[in-house]
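Input: a single structure, listed below in structure tokens.
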Amino acid sequence: MKISFLSPTFNSEEWILTMLDSIPKEYAYEIIVVDDGSTDKTLAILQDYQKNCAALKIIVHPTNLGASVAYNRCIAEATGDYIAIIDSDDHYLPAIRNVLAQVDGEFDIYYYNMIIKNGYAFIKDESNRYSLPGQFKIIRRSFIGDAKFTIRKDIAGDWDFNCALMDKNPTSKYTHEYAYWYNYPRENSECDLHERGLK
């Protein structure tokens, strides 16, 4: 299976390398990063990383258009069989390799669990497929259809994206692997920017 790793980024110079290094390159058909108008050194770091990572494709928004626009651009540019979205201020845990090894084309979505920096674990199962959107999943690209990240002030755009996917009743596999480190709360994290209405 060809897997596209997707990441929107904005002023992520402090943690973008950690995110990129956490992606298992042996599974990366492509890594698409949309730099959404960063004003720090994020773009320069990406360009330097690209010199030794042929899979990395950088797309630049000259001005900041917001997280949802960047997520949708990532998805639109992807060409792999499956997509894996990772926020620029998060990173994969080593168990992501166990998840990726299970992506065999049988299911529309492959789920994993995630841990946040205070030690709390988000465990993904059938009971919370609507209520916990987040980056828990690897999704068959052809299954996405017209599902989009939306622009709302009351909630992050991934809520509507996830609901649109769930409404289509995907076939799913829950791997039960703890494979994602969610870096919230962190100042200027994607989640923090959403909550402050800056993205």
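Conditions tested, residue by residue: (1) open to solvent by 30 Å² or more (accessible area, probe 1.4 Å); (2) among the aliphatic types (A, V, I, L, M); (3) within 24 Å of G80 (Cα to Cα); (4) assigned to a helix (DSSP H, G or I).
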residue: Y112; (1), (2), (3), (4): no, no, yes, no
residue: G134; (1), (2), (3), (4): no, no, yes, no
residue: K153; (1), (2), (3), (4): yes, no, no, no
residue: W159; (1), (2), (3), (4): yes, no, yes, yes
residue: N162; (1), (2), (3), (4): no, no, yes, yes
residue: P170; (1), (2), (3), (4): no, no, yes, no
residue: E177; (1), (2), (3), (4): yes, no, yes, no
residue: Y180; (1), (2), (3), (4): no, no, yes, no
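Results for (1) modelled with pLDDT under 95; (2) within 17 Å of Y71 (Cβ to Cβ); (3) more than 17 Å from the chain's Cα centre (by Cα), shown as yes or no for each residue.
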position: I138; (1), (2), (3): no, yes, no
position: R141; (1), (2), (3): no, yes, no
position: A156; (1), (2), (3): yes, yes, no
position: C163; (1), (2), (3): no, yes, no
position: K173; (1), (2), (3): no, no, yes
position: E177; (1), (2), (3): no, no, no
position: E190; (1), (2), (3): yes, yes, no
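If you go through segment 4-24 and keep only what is buried (at least 24 other Cβ atoms within 10 Å of the Cβ) and part of a loop (DSSP other than H, G, I, E, B), you end up with F10, S12.
Checking each residue in segment 46-82 for being touching a His at 6+ places or on another chain (Cβ under 9 Å) and either at pLDDT 95 or above or within 29 Å of G105 (Cβ to Cβ) (or both) picks out V69, A70, R73. Select from segment 119-132 the residues that are open to solvent by 40 Å² or more (accessible area, probe 1.4 Å) and either in a helix (DSSP H, G or I) or touching a residue at least 60 places away in the same chain (Cβ under 8 Å) (or both) and list them in ascending order. Within segment 119-132, F122, E126, S127 qualify.
Note on segment 60-80: among residues that are surrounded by fewer than 16 Cβ atoms within 10 Å (Cβ to Cβ) and not polar (S, T, N, Q), the one that is farthest from the chain's Cα centre (by Cα) is P62. The lone criterion from (1) surrounded by 16 or more Cβ atoms within 10 Å (Cβ to Cβ); (2) more than 22 Å from Y180 (Cα to Cα) left unmet by A44 is number (1).
The values are calculated or read from the model by the stated rules, or taken from the named source; none is laboratory data. A quick note: this is a predicted structure, and the numbers were derived from the prediction, not measured. Backbone-built Cβ (ideal geometry, glycine too); neighbour counts: all protein chains shown. To get the accessible areas, we keep the full protein, side chains included, count just its heavy atoms, and leave off ligands, DNA and RNA. Shrake-Rupley method; radii C 1.70, N 1.55, O 1.52, S 1.80 Å.
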